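A short write-up of the structure that comes next.
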Amino acid sequence: SSLEPEEHSMEPPAVPEEEMPLTAGSGPAGCQLFGYVGIEAVLDQMKIKTMKTGFEFNIMVVGQSGLGKSTMVNTLFKSKVSRKASQPGPEERIPKTVQLQSVTHVIEEKGVKMKLTVTDTPGFGDQINNENCWDPIIKYINEQYERYLREEILITRKRKIPDTRVHGCVYFVPPTGHWLRPLDLEFMRRLSKIVNVVPVIAKADTLTLEERAEFKQRIQEDLKTHAISVYPQEDFDQDPDDRVLNDRIREKIPFAVVGADQEHQVNGKRVLGRKTKWGIIEVENPAHCEFPLLRDLLIRSHLQDLKDITHNVHYESYRVRRLNESNRP
């Protein structure tokens, strides 16, 4: 034993790393667990519950007659989900006003059920005088918001409120190769405030690649000049990763699409496409058209985001407006 006095340090004694106490709020990233707890099983529980109950998705297609709206919807879901009149009568070929037709189907894929509602708008833009032809569409969208609001404010509410709100509106632009028509601009300006609008160039196989690129650039300039915000909107990008992905999508909008519900034999494979004298236009081939980008946006990557924006932004603004009107003396 040494008789020399020990030097006392002001610093606390070092504790080995494995003996450091762990607290629940030790840092922004949370605490480190000693072993497996099973928190990740919550994802499996949510997946099982969603697969049992299923989910709802409502889509609206708007455009002039003959642009392939019904064919495009059938191509999206690879089934006959859109109502298509066979041999319409002379009086039914051109409706006097815009009529809305909704068809509901239950689609199941690998155990996942989806209640799909497709709303078509025959008669839009087919008249000589198309003044206020968007009013029935706006009225229909607001009626679905009103129906959901009435169910929501009840004292005894249903456990699951039926959702008939329009989650996405696909607007078909005629492949003129020029600028957007005043009808297109006015429709998208009015509808983009109450619903998610996704513009597409219909029957893009009628345009050459150069005409398609120029037409797409002119449409983007028109939308920017008239301050029309189509989906995905820049104002709703919160996550940096989502912003990068949505910026890539915004560069491609409007999508130049081709629809086909018939299969053809190409190199020993059955593909969806349109047969011409000089070859077959493959719908799902990115080199032929941008239909895969539209399908990925509506179904594979942004379907839940479409529903979230409809509920948290468009429906919320409608709900606030209606409740303010009812509270006025």
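The values are calculated or read from the model by the stated rules, or taken from the named source; none is laboratory data. Small disclaimer: the values here were computed from a predicted structure and weren't measured. Don't worry about glycine lacking a Cβ; one is built from the backbone with ideal geometry, like all the others, and counts go over all protein chains shown. Areas reflect the complete protein model, heavy atoms only, side chains present, ligands, DNA and RNA absent. Shrake-Rupley method; radii C 1.70, N 1.55, O 1.52, S 1.80 Å.
Observations on the structure shown:
- Candidate set from region 167-191 (those that are assigned to a loop (DSSP other than H, G, I, E, B) and either out of contact with any strand residue (DSSP E or B) (no Cβ under 9 Å at 6 or more places or on another chain) or hydrophobic (A, V, I, L, M, F, W, C) (or both)); member that is modelled with the highest pLDDT: 180
- When restricted to residues that are in contact (Cβ under 8 Å) with a residue 60 or more places away in the chain and acidic (Asp, Glu), region 218-232 contains 0.
- Candidate set from region 92-126 (those that are under 30 Å from residue 319 (Cβ atoms) and open to solvent by 70 Å² or more (accessible area, probe 1.4 Å)); member that is modelled with the lowest pLDDT: 97
- The residue of region 45-60 that is nearest to residue 192 (Cα to Cα), among those that are open to solvent by 70 Å² or more (accessible area, probe 1.4 Å) and β-branched (Val, Ile, Thr), is 53.
- In the condition set (1) in contact with a helix residue (DSSP H, G or I) (Cβ under 9 Å, 6 or more places away or on another chain); (2) open to solvent by 10 Å² or more (accessible area, probe 1.4 Å), residue 197 is compliant with all but (2).
- First in region 65-76 and basic (Lys, Arg), second anywhere and assigned to a loop (DSSP other than H, G, I, E, B), Cβ under 8 Å, 6 or more apart: 69/63; 69/82; 69/202
- Selection of region 71-81 for residues being open to solvent by 20 Å² or more (accessible area, probe 1.4 Å) and not basic (Lys, Arg) yields 71, 77, 79.
- Filtered by the rule that a residue be in contact (Cβ under 8 Å) with a residue 40 or more places away in the chain and surrounded by 20 or more Cβ atoms within 10 Å (Cβ to Cβ), region 243-256 gives 253, 254, 255, 256.
- Checking each residue in region 178-194 for being within 17 Å of the chain's Cα centre (by Cα) and open to solvent by less than 60 Å² (accessible area, probe 1.4 Å) picks out 188, 191, 192, 194.
- The strands (runs of 3 or more DSSP E) located wholly in region 257-329 that include 3 or more residues which are modelled with pLDDT under 90 and open to solvent by 60 Å² or more (accessible area, probe 1.4 Å) occupy 269-276.
- Residue selected from region 200-211 under the condition assigned to a helix (DSSP H, G or I) and touching a strand residue (DSSP E or B) at 6+ places or on another chain (Cβ under 9 Å), by the criterion most open to solvent (accessible area, probe 1.4 Å): 205
- When restricted to residues that are over 14 Å from residue 200 (Cα atoms), of a type in the set (A, V, I, L, M) and part of a helix (DSSP H, G or I), region 223-256 contains 2.
- Restricting region 127-142 to residues that are open to solvent by 50 Å² or more (accessible area, probe 1.4 Å) and assigned to a helix (DSSP H, G or I), the residue that is nearest to residue 188 (Cα to Cα): 135
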